[in-house]
Amino acid sequence: MTDLVLESLELAAENIDDIVPPVYKSYFDRCPGSEALMSHIDNLVRGKMLDEVLRLVMKESYEGEQQYLDFEVNNHKLAYSVEPHMYGNLLAALRDVIRDAAGDGWTDAHEQAWDDRIALLTSEITART
Ligand code: HEM
């Protein structure tokens with residue numbers, strides 16, 4: 001069966017060239033403090049980070065990502081002072097941008113699939129914060 005999160009990303013990709021600026025704008029608007037944390041980070045590194053977030057969001061299971069999540073969540077906490085609530089805000093900001101870009105193709109089933117995926121990934125992350 002087609003993964004609806006993946007399908008929504010494909011729909012969005014038809015309408016948007018570069019999702020990096022809108023995702024971070026949406027994220028910073030929604031999450032006070034996050035812009036200051038990322039103020040020294042250029043678009044290239046922001047793009048690399050978003051690539052990794054998208055790679056995770058496209059997964060239906062995180063069994064193969066346990067070590068990666070251990071490392072990144074710990075590193076984000078110790079090296080960058082990222083707070084637990086900032087992850088859910090980032091994922092919600094990403095979903096909002098994809099929903100907007102998907103336009104009429106976005107359905108309640110896409111909404112539900114994103115809710116479920118965000119809940120799963122956030123629970124993996126917050127268990128490590
Ligand atoms: C699932 C969520 C996340 C993943 C997978 C992730 C992944 C990454 C990766 C791979 C990098 C390194 C990019 C590179 O240099 O190649 C990075 C950097 C960074 N991330 Fe995240 N990130 C996530 C969430 C967050 C959140 C919520 C924040 C909060 C603001 C954040 C703040 C930062 C900062 C400040 C850096 C730059 C560190 C530096 O180079 O000084 N990240 N992230």
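The values are calculated or read from the model by the stated rules, or taken from the named source; none is laboratory data. The structure presented is a predicted model; accordingly, all values stated were derived computationally and were not measured. With ideal geometry, Cβ positions are generated from the backbone for all residues, glycine too; neighbour counts draw on all protein chains shown.
Within segment 97-128, can you find the residues that are within 13 Å of the chain's Cα centre (by Cα), more than 14 Å from the ligand (Cβ to nearest atom) and among the hydrophobic types (A, V, I, L, M, F, W, C)? V97, I98, W114, listed by residue number. Selection of segment 113-129 for residues being in contact (Cβ under 8 Å) with a residue 12 or more places away in the chain and under 17 Å from V57 (Cα atoms) yields A113, W114, R117, I118, L120, L121, T122, E124, I125, T126. Pairing residues of segment 1-27 that are over 17 Å from K48 (Cα atoms) with residues that are among the polar types (S, T, N, Q) and exposed (fewer than 13 other Cβ atoms within 10 Å of the Cβ), at Cβ distances under 9 Å and at least 6 apart in sequence or on separate chains, gives L4/Q112.
Pairs meeting the criteria (first residue in segment 45-57 and of a type outside the set (F, W, Y), second residue more than 8 Å from the ligand (Cβ to nearest atom) and modelled with pLDDT under 95, beta carbons under 6 Å, at least 6 apart or on different chains) are lacking. Taking segment 18-80 and the helices (runs of 4 or more DSSP H) fully enclosed by it, the elements with 1 or more residues that are under 22 Å from E111 (Cα atoms) are at 20-30, 43-57. Restricting attention to segment 35-94 and to residues that are among the hydrophobic types (A, V, I, L, M, F, W, C) and loosely packed, with under 11 Cβ neighbours inside 10 Å, the residue that is farthest from the ligand (Cβ to nearest atom) turns out to be L78. Among the candidates R95, R30, the residue that is touching a helix residue (DSSP H, G or I) at 6+ places or on another chain (Cβ under 7 Å) and closer than 22 Å to L11 by Cα is uniquely R95.
Exactly one residue out of Y80, Y62 is closer than 12 Å to E124 by Cα and among the aromatic types (F, W, Y), and it is Y62. Identify all residues within segment 110-129 that are among the small types (G, A, S) and over 20 Å from V73 (Cβ atoms); write none if there are none. Matches in segment 110-129: A113 only.
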